[in-house]
1. I'm trying to understand the selection: among the residues of region 162-174, which are out of contact with any Pro (no Cβ under 6 Å at 6 or more places or on another chain) and either assigned to a loop (DSSP other than H, G, I, E, B) or among the aliphatic types (A, V, I, L, M) (or both)?
2. Here's a check for you: in region 219-238, which residue that is in a loop (DSSP other than H, G, I, E, B) and under 16 Å from the mean Cα position of the chain (by Cα) is nearest to PRO332 (Cα to Cα)?
3. Could you name every one of the strands (runs of 3 or more DSSP E) located completely within region 34-92 that has at least 1 residues being touching a His at 6+ places or on another chain (Cβ under 6 Å) and open to solvent by less than 20 Å² (accessible area, probe 1.4 Å)?
4. Here is a check on your reading of the model: is GLU205 under 28 Å from GLY260 (Cβ atoms) and under 16 Å from the mean Cα position of the chain (by Cα)?
5. What number of residues in region 10-33 are within 17 Å of ALA102 (Cβ to Cβ) and either in contact with a strand residue (DSSP E or B) (Cβ under 9 Å, 6 or more places away or on another chain) or assigned to a loop (DSSP other than H, G, I, E, B) (or both)?
6. From the residues in region 114-127 that are touching a helix residue (DSSP H, G or I) at 6+ places or on another chain (Cβ under 9 Å) and not in a loop (DSSP other than H, G, I, E, B), which one is surrounded by the most Cβ atoms within 10 Å (Cβ to Cβ)?
7. Quick one: how many residues across region 271-287 are crowded, with 18+ Cβ neighbours inside 10 Å and more than 22 Å from GLU58 (Cα to Cα)?
8. Being open to solvent by 20 Å² or more (accessible area, probe 1.4 Å) and touching a residue at least 12 places away in the same chain (Cβ under 8 Å) narrows it down to one residue among TYR130, TYR193; which is it?
Amino acid sequence: MAKNIDWESLGFDYTALDYRYVARWKDGQWGKGELITDPTVHISECAGVLQYGQAAFEGLKAYTTKDGRIVTFRPDLNAERMIDSANRLVMPPVSKEMFIEAVDAVVKANKEYVPPYGTGATLYIRPYIYGCGPVIGVAPAPEYEFRMIAMPVGRYFKAGVKPVAVKISDYDRAAPMGTGMIKASLNYAMSLYPGMKAHEEGYAENIYLDPKTRTKIEEAGGMNVIFITKDGTLVTPKSNSILPSVTRRSLEVVARDILGMKVEHREVTLEEVPQFEECGLCGTAAVIAPVGKINNHGEEICFPCGMEKAGPVLQKLYDTLTGIQMGTVEAPEGWIHEIEC
């Protein structure tokens, strides 16, 4: 039985639930993970995460489907991406099996906080790994912790699936041979200042350009960017420094295999953006946030949908993907992971 919470009024905020998962890596191996009730992390004052920012995280959700099941969406891809992040930051990766077992354990233990179907809320799950052992020379930490927390959340953008205004950023999100393709915590720390400035100017997000030529679209501060052409083609920017979004990759499959759309994953120049019919930001938190206009240093790129409602193609993509997640649209094989509570 779900908790008596005003689910439809939830924001995208932290709430400490009853249980969280923790496992520790020491002496060359991961120990057995366990559920604990203490929300406080106890680490060395010289921990690798504090001294050199050695940390990575993931984000996924648990849903209540129309027929009452509790499920997660493609957690295997989150596990694989966390393995890539850990390897790039010289941290011991958590196996896919351990990752998914932790997801199951955390959701089961906090099942009363999984929002009911139809409320628009979900249980957000945040796995993370960090260097907890002490290190003062520039080197990987000697010990690590893998933790997972969960919390019920509402919509990432308060307006829901309504167009937002964004701006082209003067800052770089990632270096060409840097860490843009992994979910390193440091990537998001770098986006905080330009993100704050964008919000002060009335914009929901920044869109970053490639740092080498500053002519190609990369991604937003916390989401990938997608476009729809006048002939209904889904176009997604390609770059070695773009995070491989689980949502974006899923939308590409939905567009091609379910909706019969043409899909192009390629470099996208800023110069061609005005030619697109629709634009959106996509990620786990928001699924799809339509973009009504982009401010490029005073020049406004406005899309036909305006600022009132999503364009028809992005709306169809959103409805299909969320339908898959909520059990009203048949899912491709292996996409839905049911949790027996």
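1. LYS162, VAL164, ALA165, VAL166, ILE168, ASP170, ARG173, ALA174
2. Among those residues, the one meeting the criterion is MET223.
3. Here the list reads 70-73.
4. Details: under 28 Å from GLY260 (Cβ atoms): no; under 16 Å from the mean Cα position of the chain (by Cα): yes.
It is false that GLU205 is under 28 Å from GLY260 (Cβ atoms) and under 16 Å from the mean Cα position of the chain (by Cα).
5. Taking region 10-33 as the starting set, the residues that turn out to be within 17 Å of ALA102 (Cβ to Cβ) are 17-25, 29-33.
Filter again for either in contact with a strand residue (DSSP E or B) (Cβ under 9 Å, 6 or more places away or on another chain) or assigned to a loop (DSSP other than H, G, I, E, B) (or both), leaving 17-25, 30-33.
So the answer is 13.
6. Per the criteria, the residue is THR122.
7. Filtering region 271-287 for residues crowded, with 18+ Cβ neighbours inside 10 Å gives 273, 276-287.
With the extra rule that they be more than 22 Å from GLU58 (Cα to Cα), the set shrinks to 273, 276-279.
Result for region 271-287: 5.
8. Values: TYR130 fails: open to solvent by 20 Å² or more (accessible area, probe 1.4 Å).
The match here is TYR193.
The values are calculated or read from the model by the stated rules, or taken from the named source; none is laboratory data. Remember, predicted model here, so these are calculated numbers, not experimental data. Because the Cβ atoms are built from the backbone with ideal geometry, glycine has one as well, and the counts that use them run over all protein chains shown. To get the accessible areas, we keep the full protein, side chains included, count just its heavy atoms, and leave off ligands, DNA and RNA. Shrake-Rupley method; radii C 1.70, N 1.55, O 1.52, S 1.80 Å.
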